[in-house]
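J.: Take this structure first; my questions come after.
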Amino acid sequence: QVQLVESGGGLVQAGGSLRLSCTASGMIFSIVAMGWYRQVPGKQRELVASITSDGRTNYLDSVKGRFTISRDNAKNTVYLQMNSLKPEDTAVYHCNTWPTPKVDWGQGTQVTASS
């Protein structure tokens, strides 16, 4: 069974940094493109960043220059380094396959940036 486990969220002041991790099991991680998504209650889930199997990345315009997605295939893990956090980045962050999320959504990890 494919499983994704996110961690690393927390409460920080605006301008602070967090590093999210997502570890996958049950799939051949190295050949799969991955994405970080976020959702605010009452709003649609949105893609924040994606990374292909060969390391090409893409970002939501509002996080460009502040967030960095990376992956370590040896550890079956994808990361999201978030710097200069803003209150509008507050959300539950999930990882999943990209461009089509194919894994059941887990609990995600809560990120809260306070003003």
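The values are calculated or read from the model by the stated rules, or taken from the named source; none is laboratory data. This is a predicted model, so every value here is computed, not measured. Cβ placement follows ideal geometry from the backbone for every residue including glycine, while neighbour counts extend to all protein chains displayed. Areas reflect the complete protein model, heavy atoms only, side chains present, ligands, DNA and RNA absent. Shrake-Rupley method; radii C 1.70, N 1.55, O 1.52, S 1.80 Å.
J.: Taking the residues in the range 105-115 that are at pLDDT 95 or above and not small (Gly, Ala, Ser) as candidates, determine which candidate is most open to solvent (accessible area, probe 1.4 Å).
T.: Applying the first criterion (at pLDDT 95 or above) to the range 105-115 yields 108-114.
Now narrow it down to the ones that are not small (Gly, Ala, Ser): 109-112.
On the way: THR109: 15, GLN110: 90, VAL111: 0, THR112: 44 Å².
Among those that are at pLDDT 95 or above and not small (Gly, Ala, Ser), it is GLN110.
J.: For the range 59-73, name all the residues that are in a strand (DSSP E or B) and loosely packed, with under 14 Cβ neighbours inside 10 Å.
T.: First, pick out the residues of the range 59-73 that are in a strand (DSSP E or B): 59, 67-72.
Result: ASP72, single match.
J.: Can I ask one more? Scan the range 52-67 and report the pairs whose first residue is in contact (Cβ under 8 Å) with a residue 12 or more places away in the chain and more than 22 Å from GLY9 (Cβ to Cβ) and whose second residue is polar (S, T, N, Q) and part of a strand (DSSP E or B), with Cβ atoms within less than 9 Å and a gap of 6+ or a chain change.
T.: Qualifying pairs under 9 Å: THR52/ASN58; GLY55/SER70.
J.: Restricting attention to the range 1-43, report how many residues are surrounded by 15 or more Cβ atoms within 10 Å (Cβ to Cβ), closer than 23 Å to SER84 by Cα and free of Cβ contacts under 8 Å to residues at least 60 places away in the same chain.
T.: 2
J.: If we scan the range 74-81, do we find a residue that is without any contact (Cβ under 8 Å) to a residue 60 or more places away in the chain, of a type in the set (Ser, Thr, Tyr) and surrounded by 14 or more Cβ atoms within 10 Å (Cβ to Cβ)? Full working, then the answer.
T.: Keep residues of the range 74-81 that are without any contact (Cβ under 8 Å) to a residue 60 or more places away in the chain, which gives 74-78.
When the remaining residues are screened for being of a type in the set (Ser, Thr, Tyr), the result is 77.
Subset that is surrounded by 14 or more Cβ atoms within 10 Å (Cβ to Cβ): 77.
Yes - at least one qualifying residue is present in the range 74-81.
J.: For the range 82-97, how many residues meet the condition of being surrounded by fewer than 20 Cβ atoms within 10 Å (Cβ to Cβ) and part of a loop (DSSP other than H, G, I, E, B)?
T.: Adding up the residues that qualify gives 4.
J.: The conditions are (1) farther than 25 Å from SER115 by Cα; (2) surrounded by fewer than 20 Cβ atoms within 10 Å (Cβ to Cβ), and GLU46 fails exactly one of them. Which is it?
T.: Checking GLU46 against (1) farther than 25 Å from SER115 by Cα; (2) surrounded by fewer than 20 Cβ atoms within 10 Å (Cβ to Cβ), the one that fails is (1).
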